[in-house]
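What follows is a set of notes on a single structure, which appears directly below.
Just so you know, all these numbers are worked out from the coordinates, no wet-lab data involved. What you see is a predicted model; the values in this text were computed from it and never measured. Don't worry about glycine lacking a Cβ; one is built from the backbone with ideal geometry, like all the others, and counts go over all protein chains shown.
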Amino acid sequence: MSSRANKKQAARVVRDQIARERARARRMWVSIAAAAVLVIAGLAGWAVYSNQRSSSYATPAHATANADGLVVGTGAKTVDVYLDFICPVCRQFEESAGAGLNQMVAANKIKIVYHPLAFLDRASSTQYSTRSAAAAGCASDAGKLAEYVQTLYANQPPEGSAGLSDDQLIQLGHTAGISGSGFDTCVRDGKYKTWVQHVTDAAVSRGVTGTPTVYVDGKQVQASLPAITQAVGG
């Protein structure tokens with residue numbers, strides 16, 4: 001092969017190598033740009049999600065200082081009850097322990113802090129956990145929370161169902177002794193739905209992973225009346 005042919009071949013090899021390097025660089029920058037687009041889209045999605053999860057909420061009457069629960073009673077011992085109104089085990093807990101807890105409240109031994117959660121919104125087609133928890137906030141405004149909790153569990157819908165309608169939640173409030181139109185409006189407007197989000201987030205931050213979960217003066221105990229009574233001390 002002549003010297004001129006060798007030079008042409010070498011030049012062609014160099015040109016091909018340069019072309020390959022340029023193509024590789026283009027692919028790299030396209031990949032970087034695509035990744036940047038995904039990151040930006042993810043940040044935008046998170047911003048939308050964060051905006052939807054508003055940090056502002058209306059607080060029901062008789063809420064705790066940090067608004068993560070609703071207080072019934074004035075006793076020295078604090079019994080925190082984390083519950084979900086469509087949770088079957090929570091209904092069993094209310095049926096077995098509710099009356100005894102209410103007696104301890106009446107005897108001024110304890111105060112109960114109810115934390116109505118939205119863990120099981122997926123267990124209904126209408127976000128029943130959120131709606132019923134928000135209605136409990138309305139019942140707290142009316143001073144009938146304990147009665148409303150008992151009534152909700154006595155009429156608990158099955159998991160996987162649509163749950164009770166707002167009209168039914170209102171009617172159960174009347175059954176629990178709530179009168180006046182304020183409760184009805186509160187439920188229909190979903191006044192405390194955003195507050196339920198706050199209560200649920202606070203429960204997760206505390207380490208609550210299921211319902212019912214019970215604490216006595218900050219120490220977790222078994223969700224049963226005997227265990228609570230023993231922890232209370234009588």
| FRET efficiency for Asn66 and Gln171, Cβ-Cβ distance as r, R0 = 25 Å, nearest 0.05? | 0.20
| query | Between Ser181 and Ala58, what is the spin-label point distance in nm, taking each point 7 Å from the Cα along the Cα→C-beta axis? | reply | 1.5 nm
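Can you order the peptides 163-172, 205-214 by their average number of other Cβ atoms within 10 Å per residue, highest first? Could the numbers behind the result be given before it?
On the way: 163-172: 19.0, 205-214: 16.6.
With the highest mean Cβ count within 10 Å placed first, the list reads 163-172, 205-214.
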| task | Would you pull out the residues with amide H under 5 Å of Val221's amide H, same chain only if 5 or more places away, H placed 1.01 Å from N? | result | Val214, Tyr215, Val216
| request: At 7 Å along the Cα-to-beta-carbon direction for both Gln222 and Ser125, put a label point, then send me their distance in nm to one decimal. | output: 3.9 nm
| note | Per DSSP, the loop-located trypsin sites (Lys or Arg not before Pro) within segment 60-159 having at most 16 other beta carbons within 10 Å are none
